[in-house]
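Novice: Input: one structure, supplied below.
The values are calculated or read from the model by the stated rules, or taken from the named source; none is laboratory data. Remember, predicted model here, so these are calculated numbers, not experimental data. Every residue, glycine as well, gets a Cβ built from its backbone with ideal geometry; the counts of neighbours run over all protein chains shown. With ligands, DNA and RNA removed, areas are computed over all heavy atoms of the protein, side chains included. Shrake-Rupley method; radii C 1.70, N 1.55, O 1.52, S 1.80 Å.
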Protein chains: 2
Amino acid sequence: MPYRLIKQEGAARRGEFVTVHGTVQTPAFQNVATAAAIKGGLSALDLKEIRAQVMLCNTYHLHLRPGDQIVADMGGLHKFTRWDGPILTDSGGFQVFSLAKLRQITEEGVTFNSHLDGHRIFMGPEQSMQIQANLGSTIAMAFDECVENPATYEYAKNSCARTARWLLRCKAEMARLKHEEKAVNPDQLLFGINQGCTFKDLRVEHMKQIAEYDLDGYAIGGLAVGEPAEVMYDIISAVEPYAPKDKIRYLMGVGTPGNIIEGVYRGVDLFDCVMPSRNARHGHLFTWNGIINIKNLKYERDESPIDPHCDCPVCRNFSRAYIRHLQKADEMLGMRLAVMHNLYFYNHLMERIREALDNGTFQQFHDTYVHRLDTRI
Amino acid sequence: MPYRLIKQEGAARRGEFVTVHGTVQTPAFQNVATAAAIKGGLSALDLKEIRAQVMLCNTYHLHLRPGDQIVADMGGLHKFTRWDGPILTDSGGFQVFSLAKLRQITEEGVTFNSHLDGHRIFMGPEQSMQIQANLGSTIAMAFDECVENPATYEYAKNSCARTARWLLRCKAEMARLKHEEKAVNPDQLLFGINQGCTFKDLRVEHMKQIAEYDLDGYAIGGLAVGEPAEVMYDIISAVEPYAPKDKIRYLMGVGTPGNIIEGVYRGVDLFDCVMPSRNARHGHLFTWNGIINIKNLKYERDESPIDPHCDCPVCRNFSRAYIRHLQKADEMLGMRLAVMHNLYFYNHLMERIREALDNGTFQQFHDTYVHRLDTRI
């Protein structure tokens, strides 16, 4: 069993997840490296410095460029990027449904046009597994339909059923690929994804069904796509009792520091989000007192670090005034330092959450920080 | 005397240059950080890793943004950027003549429009010194007119005379500023700049004249602006005998590895150039066998480092295939790794030149590498 539950406080879980690429202390944040590179010019070696545990890469992007066969020929994502810790790859599904053009869905899979050059691509459960096997990630995600929000109950129900059928095909294909002689990672893990839009009964039904399939982990997908945060929290609370207790749980694409604290509060173990790097680009930097906008005039002569309570490589060395200048002057270094700080903040947030769980003080941590960290100051 | 000549081989000089911010082993390359940041997201801390000795910042850019008064309020460029080694600032002259719009030159100085927002600015010798004093650089450059190439003999002659008059005003203003109580760097050094277009007699005459002014160093400016390399080499050879032997010599804005080797060959001690970072952006990477284009298809599956003979942080870790992918995908990391390698190559080239001078084998080094390093392979 890769997941071990160490301690619980309410629904919140302190655990660890053992993989061939190292053990992940949970709850954990996965650092997004879409095209096998962190935004802001961070390398895999930089990830170590900002206390990252897991890197996440996007199957769709890597399939298009450089091509997953090239990554396989280079020995897989670990050798390619030089990140030796766990890597999770998504299934490509989310991008097929959000980025690709002119898509047609059938029982077999999805045909769509590349957003780069328009060429026609087919991806179904088997193709997604084959690509992820080529990438050699630690954890592969099942290929699912990410239904648009809002959707009709009817559409969501049919889509859920298809996603469940696709999941079984993913499992079978993954089992086959892992035993191939050329397998990049013969120990590749597979997570299933819960769907069902914002319909609680569909969500619960679907989770009950896929819980039976004995996967290495369970994700909740299709949330944080525009619905109010309260709706998301309600759905997490609704499906949580039906997710296997002895398996890791991953809330996909979430979210703000407050969202993450609420997710942990409801029993989630893993997160990922582009927010730390996307916000960094706009000068929005996370601190333990809330979010600052470094481009603000008041930081023009501010010699203090982004966050006086932060000991990241950026806060140990550079002033707000310098980072403000770099961002105003569109210097790449401004983006790099901002991303580095924000990602460190997220990884460190998870450390503090784990500490609080270890000490039995997570409720207090939750109450202190859940709103504060999301507030613009 | 800040400069000490250690050894000579022909005209080539092995020396060292002592400053309050550390001793520079010469010949040396100055790493360009235009707006107080190296291109490609490199910080001052990264400069240490790529064996940089000197950082160079641009007065014109920093005067416009963030403003030199802000840098002074932050304690000067060293505190602002966290680079604790020597920093040279140019005079702003080159940018006034290449970037700014609608300029008018008088005996007093130059009035021009900011290239950022068009606002009207006046800069003369005193203003340039005041700005550089605010920046607190280790070495300030005299304010000169960078005459366009080609220019008439008459124009070049008059301009030279004015640049010499400006130089005396720079020296007087610098002496005054260094003794002010609020001086950021009371030990700031001043280099004069030789001009005279491609007219050898004007160049020699001007060098003879400014050699009398007892400055901390002498630069050759206004070269590498479109004239053939042979013309540049001839001018260096012509003025070299008239540059004070006991002062450091700096060839501004030069150049390719081959240009630098030829410059050292003719008695130059200091160089700077944007070529390492500019070439990196286009995928042109320096190696000890010549210049490769990393975007070339032949590197798609190439597991070897950029240069197997290089031990820079990039070559120690990443493959050509990975860097090619990053550059093709426009990932910031692709730019960062390429700049890091190219700058390391330049700093390491200077190390090898110094080694050759130490060993009395510089002629051989020159003959082996002067063409090879500039060849596209």
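Novice: Take the alpha carbon gyration tensor of the protein assembly as shown, find the square roots of its eigenvalues, order them as a ≥ b ≥ c, and report rounded if a/c is under 1.5; if not, report prolate when a/b exceeds b/c, else oblate. Kindly include the intermediate steps, with their values, before the conclusion.
Specialist: Working: a/c = 2.68, a/b = 2.03, b/c = 1.32.
Since a/c reaches 1.5 and a/b is larger than b/c, the shape of the protein assembly as shown is classed as prolate.
Novice: To the nearest 10 degrees, how steeply does helix A:125-135 sit against the main Cα axis of chain A, on a 0 to 90 scale?
Specialist: In chain A, helix A:125-135 runs at an angle near 50 degrees to the longest axis.
Novice: Run lengths n ≥ 4 of DSSP H only: what is the helix-derived mean residue ellipticity at 222 nm for the protein assembly as shown, with -39500 (n - 2.57) per run over all residues, to the nearest 500?
Specialist: After summing the helix terms and dividing by residue count, I get -12000 deg cm²/dmol.
Novice: On to the next question. Could you order peptides A:158-169, A:178-189 by the average number of other Cβ atoms within 10 Å of their residues, highest first?
Specialist: Peptide ranking by packing, descending: A:158-169, A:178-189.
Novice: What gaps in nm, shortest first, separate A:Gly22 from its twins in the other copies when you place the label 7 Å past Cα toward the beta carbon?
Specialist: The answer, with the shortest distance listed first, is 3.0 nm.
Novice: For region A:17-273, take the alpha-carbon Rg, divide it by the Kirkwood Rh, and send me Rg/Rh. Spell out each step's value before the answer.
Specialist: Numbers: Rg = 17.0 Å, Rh = 18.2 Å.
For region A:17-273, the value is 0.93.
Novice: Ignoring ligands, DNA and RNA, please state the percent of accessible area on chain A from carbon and sulfur, probe 1.4 Å.
Specialist: The computed percentage sits at 49.
Novice: Distances in nm, one decimal, shortest first, from A:Leu99 to the same residue in every other copy, taking the label point 7 angstrom along Cα→Cβ.
Specialist: Relative to the other copies, A:Leu99 has label-point distances of 3.4 nm.
Novice: For chain B, take the longest principal axis of its alpha carbons; what is the angle in degrees between that and the long axis of helix B:200-211, to the nearest 10 within 0 to 90?
Specialist: Helix B:200-211 and the main axis of chain B meet at about 70 degrees.
Novice: Picking from B:Thr361, B:Gly93, B:Phe286, whose Cα lies most toward the positive end of the charge dipole for chain B (charges on Cβ: Lys, Arg +1; Asp, Glu -1)?
Specialist: B:Phe286
Novice: Round to a whole angstrom and tell me the spacing of the C-alpha centers of region A:98-158 and region A:296-338.
Specialist: With region A:98-158 and region A:296-338 each reduced to a Cα centre, they are spaced 40 Å.
Novice: Hey, what's chain B come to in accessible area per residue, 1.4 Å probe, Å²? Present the calculation step by step, with values, prior to reporting the outcome.
Specialist: Working: 13880 Å² over 377 residues.
Accessible surface, normalised per residue, equals 37 Å².
Novice: What residue in chain B has the Cβ closest to the axis turning B into A, and how close is it in whole Å?
Specialist: Here the value is B:Gly41, 2.
Novice: Based on the mean of other Cβ atoms within 10 Å per residue, sort peptides A:192-200, A:114-122, A:138-146 so the most packed one is first.
Specialist: For the peptides A:192-200, A:114-122, A:138-146, the packing ranking is A:138-146, A:192-200, A:114-122.
Novice: For a distance above 21 Å, tell me the whole-number percent of Cα pairs in region A:280-374 that qualify.
Specialist: Beyond 21 Å sits 32 percent of the P(r) for region A:280-374.
Novice: Select from B:Thr111, B:Ile220, B:Val231 the residue farthest towards the positive end of the dipole of region B:17-273; place +1 on Cβ of Lys and Arg, -1 on Cβ of Asp and Glu, and compute about the Cα centre.
Specialist: B:Thr111
Novice: Compute the label-point distances linking B:His115 to its equivalents in the other copies; points lie 7 Å from Cα along Cα→Cβ; give nm, one decimal, shortest first.
Specialist: Shortest to longest, the spacings are 3.4 nm.
Novice: Just going by the charge dipole of chain A, with Lys and Arg at +1 and Asp and Glu at -1 on Cβ, which of A:Ala175, A:Phe318, A:Ala142 is farthest out on the positive end?
Specialist: A:Phe318
Novice: Now for a separate question. Taking the Cα centre as origin and putting +1 on Lys and Arg beta-carbons and -1 on Asp and Glu beta-carbons, what dipole magnitude results for chain A, to the nearest 20 debye?
Specialist: So the dipole magnitude of chain A works out to roughly 620 debye.
Novice: Of the beta bridges DSSP finds with both residues in the protein assembly as shown, what % are antiparallel, to the nearest 5?
Specialist: Antiparallel bridges: around 50 percent, rounded to the nearest 5.
Novice: In addition: Compute the distance from the alpha-carbon center of region A:163-181 to that of region B:177-223, in whole Å.
Specialist: 73
Novice: Contact order normalised by length for region A:139-269, with contacts defined as Cα pairs under 8 Å and 6 or more residues apart; what percent is it? Intermediate values should be presented prior to the final figure.
Specialist: Details: 187 pairs, mean separation 30.7, N = 131.
Once normalised by length, the contact order is 23 percent.
Novice: May I ask you to derive the relative contact order of region A:17-273, considering only C-alpha pairs under 8 Å and at least 6 residues apart, and to give it as an integer percent?
Specialist: Normalised by residue count, the contact order of region A:17-273 is 16 percent.
Novice: Quickly rank A:287-300, B:60-73, A:100-113 as a protection proxy: mean count of other C-beta atoms within 10 Å, highest first.
Specialist: Final packing ranking: B:60-73, A:287-300, A:100-113.
Novice: Past 28 Å, Cα to Cα: identify those pairs from A:Lys178/A:Lys208; A:Lys79/A:Lys295; B:Lys39/B:Lys171; B:Lys79/B:Lys178; A:Lys101/A:Lys295, in the order given.
Specialist: Distance filter (> 28 Å) returns A:Lys79/A:Lys295; B:Lys39/B:Lys171; A:Lys101/A:Lys295.
Novice: Working from Cα positions, state the angle (0 to 90°, nearest 10) between the long axis of helix A:229-239 and the longest principal axis of chain A.
Specialist: Roughly 50 degrees, rounded to the nearest 10.
Novice: Still on this model: Where in region B:311-326 does accessible area fall by at least 40 Å² between the isolated chain and the complete protein assembly, at a 1.4 Å probe radius?
Specialist: Output list: B:Asn317, B:Phe318, B:Tyr322, B:His325.
Novice: While we're on this one: Any residues in region B:332-369 that have 20 Å² or more less accessible area with all protein chains than in their chain alone, probe 1.4 Å, and which are they?
Specialist: With the partner chains in place, region B:332-369 has these residues losing at least 20 Å²: B:Met332, B:Leu333, B:Arg336.
Novice: Compute the relative contact order of region B:280-374 as a whole-number percentage, counting only Cα pairs closer than 8 Å that sit 6 or more residues apart in sequence.
Specialist: 31
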